[in-house]
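All remarks here apply to the structure that follows.
The values are calculated or read from the model by the stated rules, or taken from the named source; none is laboratory data. Keep in mind that what you see is a predicted model, and the values were worked out from it rather than measured. Because the Cβ atoms are built from the backbone with ideal geometry, glycine has one as well, and the counts that use them run over all protein chains shown. Just the protein is used for accessible areas: all its heavy atoms, side chains included, with ligands, DNA and RNA removed. Shrake-Rupley method; radii C 1.70, N 1.55, O 1.52, S 1.80 Å.
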Amino acid sequence: MLKYLIENKNPLFWVIFHILLGMASTLSPIFIIGYFYFFVATSVTYVLRFKNVNSYISVFLIYLIAFEILARMAKTSPYLPYETGKYMMFFGLLYGILAESRRGVLGYFMLLALLPAFFFDLSGEVIFKDLIFNLIGPINLCLAVIYFYRNKFTLEGLKVLMRFMIYPILSVLGFIFIKTPDLSEIDFTLGANFSTTGGFGSNQVSTVLGLAMYLIFLFWINRWKFSGYRMVDLAIICVFAFQGLLSFSRGGVIGGALGILIFILVIRFAGMTGTRYKLPQVGRYLIFGVIALIVSFMVANLVTGGMLLLRYQGETAGTLSGIKEKNLNALTTGRLEIFMEDFELFERYTVAGVGAGGSKYMRSASKGILTHVELGRLLSEHGLFGIFNFLLTIIVGFTLFYINKNPVHKGILIGFYVIGLYSMFHAATRTFVSPVLIGLSVIWIVELKKKPKKKVKPQITE
């Protein structure tokens, strides 16, 4: 199955197939469960063929991991556990690191900084489930940096990786399409909207929708084929943007927009400073794309009775009525308050923190609430070791400026990193987005030299 998807001789078919898969999963989780295990069974032998360039393990893992959100939405547990994507990523990356002898040194130091918090708990309430929930995400990020650092891919290989991330998110879109009631029946408020995200967590859904918006934009602006039709690709971008906006969870859409902005800035800077590489004609297509996205926002705002614009302006029911002050905490939907309480724990337990998973039990006003800001969790639960881990994550970003020289490649990968890092500030490491994107940002995109054709000696006949 993996082979047929990689070869991708009929791209529009696979786009439709994955949308229909998501739609079918609204009827019964058996569809996604059955397809998941069918794909694994028919692809595993193909995955074991190691390659120095365009690793099959990477493609296999990214595809299955990206089904994480759909599996949660379709309630596939216990056949596909809630944290399936994280478990697969952990064991898959570990296998890849050992089998291919990967040596991303920064990732090893990041990993060591996380380990001390595993062995103590100052709250006295952490159970094993809390440890797994809080540690497996950041550990996967470390493993991704170790495995992907300077892992070689061609440009075609990178396109395959991006395509394999988009397909499962198309299934999420299909699921949402069926589950969302008539928009005229929805009472839009100034909070996150579960009616437009299939009844599942709007923050997680909007995060993957924003990612897909960025990925398909890359296909469109570079004139690469995704569905096989440019207007279809542009329509898919608008649908992802529209549905992301209707979620009223701002983080995902802003993340996708940040990735697009970063890519454009890198290309424009390269164009102004001069480069020998062929660059996409950003100006020529950007205006058309921006107009399409603005129209998507205007339509979504109209559908929601003007509530969408108020939401992006940071308004809440409390601020509009005058009960609450419009400040940074209101703008971040309470994330700042939780972060400040995490910082207070850091001040009290500076060296090693309170232990993995312990912060939610030791905060006062936000006790029992999971943090959405990964930096706050690292500070409160890991102390100085958490700071060290985060600083190394920042250093990973600086390496992007010299790993790949081609501005197009550089722009794509810096966009990955920015979306991944930004997602850590509104969705922590709850989804695959931050570990996968920060890991992929440090791959090495190479150009394979074509072997010269052997000269055929002329035959002398009598």
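Listing for the model above:
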| read-out | value |
| --- | --- |
| Residues of region 140-174 classified as open to solvent by less than 30 Å² (accessible area, probe 1.4 Å) and closer than 19 Å to Met110 by Cβ, total | 10 |
| Residue match in region 328-344 (condition: at pLDDT below 95 and in contact with an Asp or Glu (Cβ under 7 Å, 6 or more places away or on another chain)) | yes |
| Phe263 open to solvent by less than 10 Å² (accessible area, probe 1.4 Å) and touching a Gly at 6+ places or on another chain (Cβ under 7 Å) | yes |
| So Gly376, is it in contact (Cβ under 8 Å) with a residue 60 or more places away in the chain, buried (at least 23 other Cβ atoms within 10 Å of the Cβ) and small (Gly, Ala, Ser) | no |
| Residues satisfying the stated conditions in region 95-124, i.e. basic (Lys, Arg) and either part of a helix (DSSP H, G or I) or open to solvent by 50 Å² or more (accessible area, probe 1.4 Å) (or both) | Arg103 |
| Scope region 144-169; condition of a type outside the set (Phe, Trp, Tyr) and in contact with a Gly (Cβ under 7 Å, 6 or more places away or on another chain); matching residues | Ala144, Val145, Ile146 |
| Subset of region 56-75 (residues that are over 16 Å from the mean Cα position of the chain (by Cα), surrounded by 24 or more Cβ atoms within 10 Å (Cβ to Cβ) and not in a helix (DSSP H, G or I)) | Ala74 |
| Helices (runs of 4 or more DSSP H) completely within region 227-338 that count 1 or more residues being over 24 Å from Tyr422 (Cβ atoms) and free of Cβ contacts under 8 Å to residues at least 24 places away in the same chain | 230-246, 250-273, 282-303, 317-321 |
| Leading residue by the ranking (farthest from the chain's Cα centre (by Cα)) among those in region 227-236 that are open to solvent by 10 Å² or more (accessible area, probe 1.4 Å) and under 26 Å from Ser202 (Cα atoms) | Val232 |
| Test: residue in region 390-400 that is closer than 29 Å to Thr275 by Cα, surrounded by fewer than 24 Cβ atoms within 10 Å (Cβ to Cβ) and among the small types (Gly, Ala, Ser) | yes |
| Subset of region 137-187 (residues that are more than 20 Å from the chain's Cα centre (by Cα) and assigned to a strand (DSSP E or B)) | Lys152 |
| For Lys367: the one exception among (1) part of a loop (DSSP other than H, G, I, E, B); (2) at pLDDT 90 or above; (3) of a type outside the set (A, V, I, L, M) | (2) |
| Residue count for region 286-301, restricted to those that are open to solvent by 50 Å² or more (accessible area, probe 1.4 Å), at pLDDT 80 or above and in contact with a helix residue (DSSP H, G or I) (Cβ under 9 Å, 6 or more places away or on another chain) | 4 |
| Tally of residues being under 26 Å from Thr207 (Cα atoms) and either open to solvent by 10 Å² or more (accessible area, probe 1.4 Å) or in a loop (DSSP other than H, G, I, E, B) (or both) across region 37-54 | 2 |
| Selection status of Leu64, out of contact with any helix residue (DSSP H, G or I) (no Cβ under 6 Å at 6 or more places or on another chain), within 22 Å of Gly157 (Cβ to Cβ) and touching a residue at least 24 places away in the same chain (Cβ under 8 Å) | no |
| Region 269-285 - residue that is open to solvent by 40 Å² or more (accessible area, probe 1.4 Å) and of a type in the set (A, V, I, L, M, F, W, C) and, of those, nearest to Phe217 (Cα to Cα) | Leu279 |
| Flag for Phe343 being open to solvent by less than 60 Å² (accessible area, probe 1.4 Å) and part of a helix (DSSP H, G or I) | no |
| Test for Ser195: is it assigned to a helix (DSSP H, G or I) and open to solvent by 10 Å² or more (accessible area, probe 1.4 Å) | no |
| Residue count for region 125-136, restricted to those that are outside any helix (DSSP H, G or I) and either surrounded by 15 or more Cβ atoms within 10 Å (Cβ to Cβ) or among the β-branched types (Val, Ile, Thr) (or both) | 2 |
| Residues of region 1-36 satisfying the condition of being open to solvent by 80 Å² or more (accessible area, probe 1.4 Å) and either closer than 17 Å to Arg163 by Cβ or touching a residue at least 60 places away in the same chain (Cβ under 8 Å) (or both) | Lys3, Tyr4, Glu7, Lys9, Asn10, Phe13, Ile16, Leu20 |
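One line per residue, one yes/no per condition, for (1) modelled with pLDDT under 90; (2) open to solvent by 10 Å² or more (accessible area, probe 1.4 Å); (3) farther than 28 Å from Asp130 by Cα; (4) touching a Lys or Arg at 6+ places or on another chain (Cβ under 6 Å):
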{"site": "Ile412", "(1), (2), (3), (4)": "no, no, yes, no"}
{"site": "Phe416", "(1), (2), (3), (4)": "no, no, yes, no"}
{"site": "Tyr422", "(1), (2), (3), (4)": "no, yes, no, no"}
{"site": "Ala427", "(1), (2), (3), (4)": "yes, no, no, no"}
{"site": "Pro435", "(1), (2), (3), (4)": "no, no, no, no"}
{"site": "Glu447", "(1), (2), (3), (4)": "yes, yes, yes, no"}
